[in-house]
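What follows is a single structure, written as structure tokens, with notes after it.
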Amino acid sequence: MAAVNFGGVVPFSTIDWRGKASMVIFLRGCPLRCIYCHNYKLLEDQNYVEPSEIEAEILKNAGFIDAVVLSGGEPFMQPHAIEAIAQFVKKRSLFVAVQTNGFYPAVVETLLKKNLIDKIFLDIKAPLSDETLYEKLTKVAGVAERVRNTLAACILAGVDLELVTTVFKNLVGAEEVKRIAKEIEEAGAANCSYVIQQGRPELVPGRVIAEDDEFSREELKELAAGAYHAASLKKVRIRTREHGEEAVYGGG
Ligand code: SF4
């Protein structure tokens, strides 16, 4: 395996993959520049390490975990790293998940065909029919179409899929969440978990998001109700600073 642009690890997490004890591996680099990114330190700097260094980290934790979650940045920016890490992890009978912004549908499709990934956490940052808002949020043109294609590839492959929207008032709120819910249903993903995540202005550098643009937990529950009633989604959840992740509709 070629060297990996590596961002670090969280050795043990119970929140990144609900119901599983996971180790999280962060890969550096991302093609997007989201205005609310709080992983910005992983976007610019480089830290290439030998694969053996990452494998040693996995072996240190393999006895305590069920799964490895690849995060970023955007992990699919380094397809060879994902493939090699996933092969190493699966040989140890652990599960593999990837958190992605959906920018690389062809890479996702190829790796899913190799049966190396058990779960995908896919960002739906804005309605997929709204390229203008997607570009406003990510600072890159043409992202929504790529995410639509990634969503379609995941559905076609039948991989376990969770969809995540980060919300801020004045950016992505009730109307956008309802539209996203309808798009998820229309795409054939109504059975997947849909997670509405509280955007947290204090984590965004430069105070570009106002503090009062944060939704409260009660307001997030209202957004979840809107999504649930706008489409026939089976599982709608919210994620907040105060209470972590909670099912609002459906279990799982
Ligand atoms: S996709 Fe994620 S890591 Fe990349 S810029 Fe956006 S928020 Fe940051």
If you find the alpha carbon centre of region 237-252 and of region 157-172, how far apart are they in angstrom? 13 Å
Qualifying trypsin sites (Lys or Arg not before Pro) for region 150-252 [loop in DSSP, other Cβ within 10 Å: at most 12]: Arg241
From the gyration tensor of the Cα coordinates in the chain, what semi-axes in whole Å does the equivalent ellipsoid have, largest first, with each one equal to sqrt(5λ)? 28, 20, 18
What residue among Asn191, Ala181, Leu223 has its Cα farthest toward the positive end of the dipole of region 159-252, where the charges are +1 on Lys, Arg and -1 on Asp, Glu, each on the Cβ? Asn191
Can you tell me the length gained on complete extension of the stretch Ala247 to Gln87, counting 0.36 nm per residue apart and subtracting the Cα distance? 54.4 nm
Strictly over 21 Å apart at the Cα level, which of Lys139/Lys235; Lys90/Lys113; Lys20/Lys90; Lys178/Lys234 would you flag in this model? Lys139/Lys235
Local electrostatic count at Glu83 - Lys and Arg +1, Asp and Glu -1, tallied over other residues with Cβ under 12 Å: +3
How large is the charge dipole for region 176-252, taken about the Cα centre, if only the Cβ atoms of Lys, Arg (+1) and Asp, Glu (-1) carry charge, to the nearest 20 debye? 320 debye
Measure of compaction for region 159-252 (Cα Rg per 2.2 N^0.38 Å): 1.05
Please go through region 82-114 and write out the trypsin sites (Lys or Arg not before Pro) that DSSP classes as loop and that have at most 13 other C-beta atoms within 10 Å. Arg92, Lys114
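Quick note: the coordinates plus some simple rules give every number you see, no bench work behind them. Here the structure is a predicted model, which means the values were calculated and not measured. Here the Cβ is made from the backbone with ideal geometry for all residues, glycine too, and neighbour counts use every protein chain on show.
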